[in-house]
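Inspection log for the structure reproduced underneath, given as structure tokens.
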There are 2 protein chains.
Amino acid sequence: MNRSIVLKNRPKGRPRQTDFLFVSEEKPVLQAGEMILKTKYVSVDPYLRGRMNDAKSYVAPFELDKAISSGVIAQVTESNLAEFSMGDYVYGMLEWKEYQSSRGIGLHKVDGDKAPLSAYLGVLGMTGLTAYLGLSEIGRPKSGETVVVSGAAGAVGSVAGQIAKIMGCRVVGIAGTDEKCEMLTSDLGFDAAINYKTTGNIRKAIATACPQGVDVYFDNVGGDISDAVLVKINQFARIVVCGAISVYNLTSLPQSLSVQPFLVRNSALMQGFIVNDYAAKFPEAMQILTKWLEEGKLNYAETIVEGFDQIPQAFIDLFDGKNKGKMVVKIAGTQ
Amino acid sequence: MNRSIVLKNRPKGRPRQTDFLFVSEEKPVLQAGEMILKTKYVSVDPYLRGRMNDAKSYVAPFELDKAISSGVIAQVTESNLAEFSMGDYVYGMLEWKEYQSSRGIGLHKVDGDKAPLSAYLGVLGMTGLTAYLGLSEIGRPKSGETVVVSGAAGAVGSVAGQIAKIMGCRVVGIAGTDEKCEMLTSDLGFDAAINYKTTGNIRKAIATACPQGVDVYFDNVGGDISDAVLVKINQFARIVVCGAISVYNLTSLPQSLSVQPFLVRNSALMQGFIVNDYAAKFPEAMQILTKWLEEGKLNYAETIVEGFDQIPQAFIDLFDGKNKGKMVVKIAGTQ
């Protein structure tokens, strides 16, 4: 048996289990020019929510009744390809299937001895690259500046904040539980953390945590939190608009504080960041992230859920902030 | 007698005549190291509204009971300075006074034979530089792209749209009267113009005028018009946030469509533009603007009001869109 997860309905608002359907199909049979892959780790990410809508975006929407895809680590079980051998681990955008065939296009090998396999979906994968390139290409923090990160305990935010610390900045994280805030300041070296759910007055909390104002805002959430940061930006501030998880499930276009007066008054920049636009810089970025990781300058958090059948729920749980760091699903029988 | 206009009250909402006070004072007497200037043309600009608030901004607020200042063309009537002679015309940030003394710092001479003196407050002055540098530094239009300009019949917008045409773009202007729209398409070469007050459905009008979507949005107004443009931006769109006249008189922070989802989805950029940040590029920009003007590639519109006593009303009228092109006050007795 070979299970696959297809998009049954385009979610209306918050995604539900019934939007996903588990389908059984034949295990693929090895063909010429192909290899067979066994799924080991599946990445679930907030941006996938956008692909579940039938709307214009930077990637095509998922098709109904077809398997969903995301970042996956898989192991080669059989191969007719010279570049890939049985036992190799590969990373790529693959389907939510236990087994699948591939011609190897767009996949690359990863080394489980250098780092845990799951790290290639997180700190050494798309989310790490997003944190590094979003910050270095748009945020461009200078030593001594104040950097605020929202969704700071998430896969991207937790790495972005640490990189800003490496770059010599004062770093303030915003997250949704005391436990996450504790992780930010105790384990990841953030200078301050704000629990937006309990702080009462988020604007006041940001003002207190950022006595010199905000030079760089690495935004993963949008909504009220971003409004509160906006009013504290400094001249020439840079806002990396990396995600807007607070609005992904809304069924009508949300309203926020008008950004224009703040942008004009401060000659400030706000730019949408999509990591794939910067593919040419992946090798260099990966080298830097690997080096920091080896030197112990960079830590990472993961929330690993086990079982192929848990993939939809792990995805849904992202919108309740149930993850600390990267949310990854480990497929049973893997190590 | 020497009249001066001081800020009597910080306007609450829309500025009123009673926020300004005419004061009589002695004509200045020539001192060593100074010259005496007679005001000829006064520039009134929407950004001055921000300086009337007691709020953090890119320039210090005006002080109460002190003369307001803006861009002024004045003539030297007496001089103890080697660089300036009687009869010279100068441009600079000067006070709203009929006569004032100056040490010459920050002033530069303008040539009334090369262009009408008022042009140095508009197309060859700050608003022309704003249009050119805002577009070239942030908008960066490429030939064949679609550029939308709001406040298109204003001092900055009318020049920005023409420059985008020179750069080979499809240019759509948004303005508030049919007469202004007619000027945009008939006199200034815009491809299309939308009267936002009568169009009924601004989003539909923009969609119709921009069948290929919007690549560059040169925004002078903010508010609902900007929301309507935002939903039509293309991948890698650039939004020049040059002004937000629709919100300058609001007494509470306005709400708009959340920009974050649109910026992320389109890898789009939005940046506040303040012309003084680009002072190093003024000479080059001025050369280009002068050349286009001489070649007849660039036209300009002016609304010239006469009389020193008309300065406050001319300023107030900006917020009703009573100007076509640059609003300038000519002081009686000048030519």
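The values are calculated or read from the model by the stated rules, or taken from the named source; none is laboratory data. None of these values were measured; they are calculated from a predicted model. All Cβ positions, glycine included, derive from the backbone under ideal geometry; neighbour counts span all protein chains shown.
Brief remarks follow.
- Here the condition is being among the aliphatic types (A, V, I, L, M) and within 14 Å of another protein chain (Cβ to nearest Cβ); of B:48, B:30, it holds for B:48 alone.
- Tally, over the range B:174-194, of residues that are more than 18 Å from residue B:223 (Cβ to Cβ) and not in a helix (DSSP H, G or I): 6
- Scope the range A:134-143; condition aliphatic (A, V, I, L, M) and either assigned by TED's automatic domain parsing to the domain that holds residue A:315 or free of Cβ contacts under 8 Å to residues at least 60 places away in the same chain (or both); matching residues: none
- The strands (runs of 3 or more DSSP E) found entirely in the range B:65-133 that carry 1 or more residues being within 17 Å of the chain's Cα centre (by Cα) and in the same structural domain as residue B:43 (by TED's automatic domain parsing) are B:69-79, B:89-95.
- Cross-chain or 6+ apart pairs with Cβ under 7 Å, the range B:31-42 first and assigned by TED's automatic domain parsing to the domain that holds residue B:112, then surrounded by fewer than 18 Cβ atoms within 10 Å (Cβ to Cβ) and among the basic types (Lys, Arg): B:33/B:103; B:34/B:103
- If you filter the range A:13-51 down to residues that are in contact with a helix residue (DSSP H, G or I) (Cβ under 9 Å, 6 or more places away or on another chain) and in a loop (DSSP other than H, G, I, E, B), you find that the one that is surrounded by the most Cβ atoms within 10 Å (Cβ to Cβ) is A:44.
- Listed by first and then second residue, the pairs with beta-carbon distance under 8 Å, at least 6 apart or on different chains, first residue in the range A:159-185 and crowded, with 24+ Cβ neighbours inside 10 Å, second acidic (Asp, Glu), are A:171/A:191; A:172/A:191.
- Residue in the range B:223-235 that is crowded, with 21+ Cβ neighbours inside 10 Å, of a type in the set (S, T, N, Q), facing another protein chain (nearest Cβ under 7 Å) and assigned to a strand (DSSP E or B) present: no
- For the range B:303-310, the count of residues that are within 12 Å of another protein chain (Cβ to nearest Cβ), surrounded by fewer than 20 Cβ atoms within 10 Å (Cβ to Cβ) and closer than 30 Å to residue B:97 by Cα is zero.
- Residue check for residue A:88: surrounded by fewer than 19 Cβ atoms within 10 Å (Cβ to Cβ), over 24 Å from residue A:14 (Cα atoms) and free of Cβ contacts under 8 Å to residues at least 24 places away in the same chain: no
- Some residue of the range B:9-22 being small (Gly, Ala, Ser) and without any contact (Cβ under 8 Å) to a residue 60 or more places away in the chain: no
Residue by residue, here is whether (1) among the polar types (S, T, N, Q); (2) in contact with a Cys (Cβ under 9 Å, 6 or more places away or on another chain); (3) under 13 Å from residue A:150 (Cα atoms) holds:
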site: A:178; (1), (2), (3): no, no, no
site: A:182; (1), (2), (3): no, no, no
site: A:192; (1), (2), (3): no, yes, yes
site: A:214; (1), (2), (3): no, no, yes
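- Picking from residues in the range B:268-298 that are part of a loop (DSSP other than H, G, I, E, B) and in contact with a Ser or Thr (Cβ under 8 Å, 6 or more places away or on another chain), the one that is surrounded by the fewest Cβ atoms within 10 Å (Cβ to Cβ) is B:274.
- Condition check for residue B:197: closer than 30 Å to residue B:11 by Cβ, more than 14 Å from every other protein chain (Cβ to nearest Cβ) and either in a loop (DSSP other than H, G, I, E, B) or among the acidic types (Asp, Glu) (or both): yes
- Here the condition is being over 16 Å from residue A:311 (Cα atoms) and at pLDDT 95 or above; of A:104, A:112, A:71, it holds for A:104 alone.
- Residue list for the range A:193-221, filter: within 27 Å of residue B:277 (Cβ to Cβ) and of a type outside the set (D, E, K, R): A:206, A:207, A:210, A:211, A:212, A:213, A:214, A:216, A:217, A:218
- For the range B:236-247, a residue qualifies if it is facing another protein chain (nearest Cβ under 8 Å) and crowded, with 24+ Cβ neighbours inside 10 Å, and the qualifying residues are B:241, B:242, B:243, B:244.
- Only one entry in A:6, A:59 is at pLDDT 95 or above and of a type outside the set (Ser, Thr, Tyr), namely A:6.
- Members of the range A:250-265 found to be more than 19 Å from residue A:196 (Cα to Cα), outside any helix (DSSP H, G or I) and touching a residue at least 12 places away in the same chain (Cβ under 8 Å), listed by number: A:250, A:251, A:254, A:259
- Screening residue B:66 against (1) touching a residue at least 24 places away in the same chain (Cβ under 8 Å); (2) over 21 Å from residue B:311 (Cα atoms) leaves a single unmet condition, (2).
- Conditions (1) more than 10 Å from chain A (Cβ to nearest Cβ); (2) among the aromatic types (Phe, Trp, Tyr); (3) in a helix (DSSP H, G or I); number of the one not met by residue B:218: (3)
- Against the conditions (1) crowded, with 24+ Cβ neighbours inside 10 Å; (2) free of Cβ contacts under 8 Å to residues at least 60 places away in the same chain, residue A:127 satisfies every one except (2).
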